[in-house]
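Read through the structure below, which is laid out as C-alpha cells, and then see the notes.
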Amino acid sequence: MTIYTGPVFEMARRQFDQIANHIEMPDDERERVFYPKRAVTVSCPIHRDDGSVTVFQGYRVQHHLTLGPTKGGTRFAKTVDIGEVAALAVWMSWKCALAGLPYGGAKGGITVDPRALSSRELEALSRRYIQEMIPFVGPHTDVMAPDMGTDEQVMAWFMDTYSMYQGRTVTEIVTGKPVSAGGTEGRREATGRGVAHLVGRALDRIGLSPQRSTVIVQGFGNVGSVTACALAERGVKVIGVSDHTASYYSPGGLDLSELQRHVACKGSLHGFSSELSIEPEDLMAQRCDILVPAAVERVITHENVSRLRCRILAEGANGPTTPEADEILDQRRDEIFVLPDILCNAGGVIVSYFEWVQGLQQLFWAENEVLSRLHGLLDRTFDQVMARSDRDRVSHRTAALAIGVERVRDAKRTRGLFP
Ligand code: NAD
C-alpha cells in the first residue's frame, strides 16, 4: 500500500512488472525505475462568483529526472486523484523515452469538474494551481501541457502567472499554449494528426486502403475530433462518435462538420440526433476497421473486449485498455492490430517538445516544418516498435513499453546512483 494505491496505478504497476519480467530486469532495479521521484499535493482556494470560498485539491507527480526535465499534461476532472496522476506520469516516461525525447514523465491535475465553474472561476483556479506549483516546476525542471479538461487558454494563464512571478516572460514553462502567446503552429492538432498518421501506417501494414475503411471514435474532444477529421481527410468514413453525453452511429457515415458545429454551439454532442443515437457500449461493439478510444482510461475491459469487431485499435486516450483485456487482445493479435497508447498518442508530446525547443531558442518554425518533423519522429518510432515486436514475437504494446522502459533503465544505470 502506498499513497498511489488505486486501480489506475495498479494497472501501471502490473504493466511495468510484465515488462520488467520480459526484459529480465533485476529485482533491485525495479523500484528505482518504477516509483515516482516526487509527488506534490496542494490546496487551491478560490473565491466563487457568489462570494463564497471553495478549496480544490491539486496534484503534480514527477516520475524521473534522469533524462532531462519532466513533461506532462494537467487534467481537470472530478475523478483525478494522486494514484491516477502518478500512473499517467509513469506512462509519460515510457512514452517520452520511446519517442527519444529528453524528458522524464510527469502529470498533474485538480479534482474538479471544470464545466461546473464559470470562466472567471476557472481562471482563478488555474492561476492559483500554477502559483502553488512554482517551487516545483520550471522550464528545466518540469514543463506542463494540457490534458483532459484543460486547453490552450488554461496554458496561457499558467504561463502568464508563472511569468509574473519571474518578472519576465517565460513561454517555455508550458506547452500547448495559443500561438498568440508563444505556442507552436500545429500543437492543438498534433495528437489527433499523429493518431491519423499512425493509423495510415497500420492500414498499409495490413493492406487496407483508407478509402475503403470506416472508423468509430469514442470521445469527441481535442484528440477524438481531430483524429476523426484527419482520418476523414484521408478518405476514411466516420461511422460512429461519442462523448460523455451521447453516442451516435450511422453505417452510411456521419456529417463531421455538422457534429463540430453542434459541439461548438452546445458544448457537447447531446441533442445532435435522436435517430442516430446508440448505447455507448453498443457503439464500441459495432463492426468497423478502426476503433479509436480517445476519452478516458479503462474503457476496454475483460467484459467488453471480446465484443470488439475492429481491425485496428488506435489508442488515442492514455490507458484505455486494462491489462486483463490486453491479455485477450494478445490472443487476437492476428485479428486486431493494436496501436498502443504510448505510441499512438505520442504526437502530442512530440510537438510539445518542438514547442519547448522553439521557446528556448526563440526561433519559430512554420506549420509544415512542425508536421514533417512530427511524421519523421512518429515513423521512426513506429518502425522501431514493429521491428521489436517481430524480433521478440511480442505484442506491439509489450514491444513499445520494453523500448521505453529499457531506455529509462539504461540511463539510470549509466548515470549511476548518487551519492
Ligand atoms: P478533452 O477534454 O478535449 O476531450 C475528452 C473527450 O472525452 C470529451 O469529448 C468528453 O466528453 C469525452 N468523454 C469523457 N468521458 C467519456 C466517456 N465515458 N465516454 C465517451 N466519451 C467520454 O481531452 P483530450 O485532450 O482530447 O484527451 C483525451 C484523451 O487523450 C485523454 O486520455 C488524454 O490523456 C489523452 N491524450 C491527450 C493528449 C492531448 O494532446 N490533448 C495527448 C496525449 C494523450
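Between HIS270 and ARG393, the contour length at 0.36 nm per residue exceeds the Cα-Cα span by 39.9 nm. Rg over Rh for the stretch 245-375 works out to 1.05, using Cα positions for both radii and the Kirkwood form for Rh. Counting lysine pairs in the chain that sit 8 or more residues apart in sequence, or on different chains, and whose Cα atoms lie under 18 Å apart gives 12. Under the combined filter of DSSP loop state and at most 10 neighbouring Cβ atoms within 10 Å, the stretch 262-371 retains these GluC sites (Glu not before Pro): GLU275. With the biggest extent put first, the Cα atoms of the chain measure 55, 55, 45 Å across the principal axes.
Sum -39500 (n - 2.57) across every DSSP H segment of at least 4 residues in the chain, then divide by the residue count to get the 222 nm mean residue ellipticity, nearest 500. Present the calculation step by step, with values, prior to reporting the outcome.
Numbers: 14 runs with 194 residues, N = 419.
Helix-only estimate at 222 nm: -15000 deg cm²/dmol.
Sparsely packed loop sites in the stretch 333-419 (the trypsin sites (Lys or Arg not before Pro) outside DSSP H, G, I, E and B with at most 16 other Cβ atoms within 10 Å) comprise ARG333, ARG393. Database remark: amide H of ASP142 closer than 5 angstrom to the amide H of THR70 (H placed geometrically; neighbours at sequence offset of 5 or more, or on other chains; Pro and chain starts carry no H).
Extension gain ASP410-TYR165, at 0.36 nm per residue separation less the Cα-Cα distance, in nm?
Values: separation 245, 0.36 × 245 = 88.20 nm, distance 3.72 nm.
So the chain would gain 84.5 nm between ASP410 and TYR165.
For a protection proxy built on the mean count of beta-carbon atoms within 10 angstrom, sort 232-244, 62-74 highest first, please. Walk me through the numbers on the way to the answer.
Numbers: 232-244: 20.3, 62-74: 24.7.
Top of the packing list down: 62-74, 232-244.
Between the listed residues LEU417, GLN15, THR184, the Cα displaced farthest toward the positive end of the dipole of the chain, a dipole computed from Cβ unit charges relative to the Cα centre, is found at LEU417. Comparing Cα centroids, the stretch 63-116 and the stretch 327-380 end up 16 angstrom apart. Close amide H contacts of THR54 (hydrogens built in the peptide plane, cut-off under 5 Å, sequence separation of 5 or more or a different chain): ILE46, ARG48. Over the C-alpha trace of the stretch 7-181, radius of gyration and Dmax come out as 16.7, 58 angstrom.
Each residue of the stretch 181-191 is assigned a 3J(HN,Hα), and the resulting list reads 10, x, x, 9, 4, x, 5, 4, 8, 4, 5 Hz, derived from the Karplus form 6.51 cos²θ - 1.76 cosθ + 1.60 (θ = phi - 60°), x at Gly and Pro.
Rounded to 0.05, the FRET efficiency of the LEU360 and ASP113 pair, given R0 = 25 Å and the Cβ-Cβ distance, is 0.10.
Any read-out appearing in this document is the output of simple, stated calculations on the displayed coordinates, not a laboratory observation. Source: prediction; values computed, not measured. We place every Cβ from the backbone using ideal geometry, glycine too, and count neighbours over all the protein chains shown.
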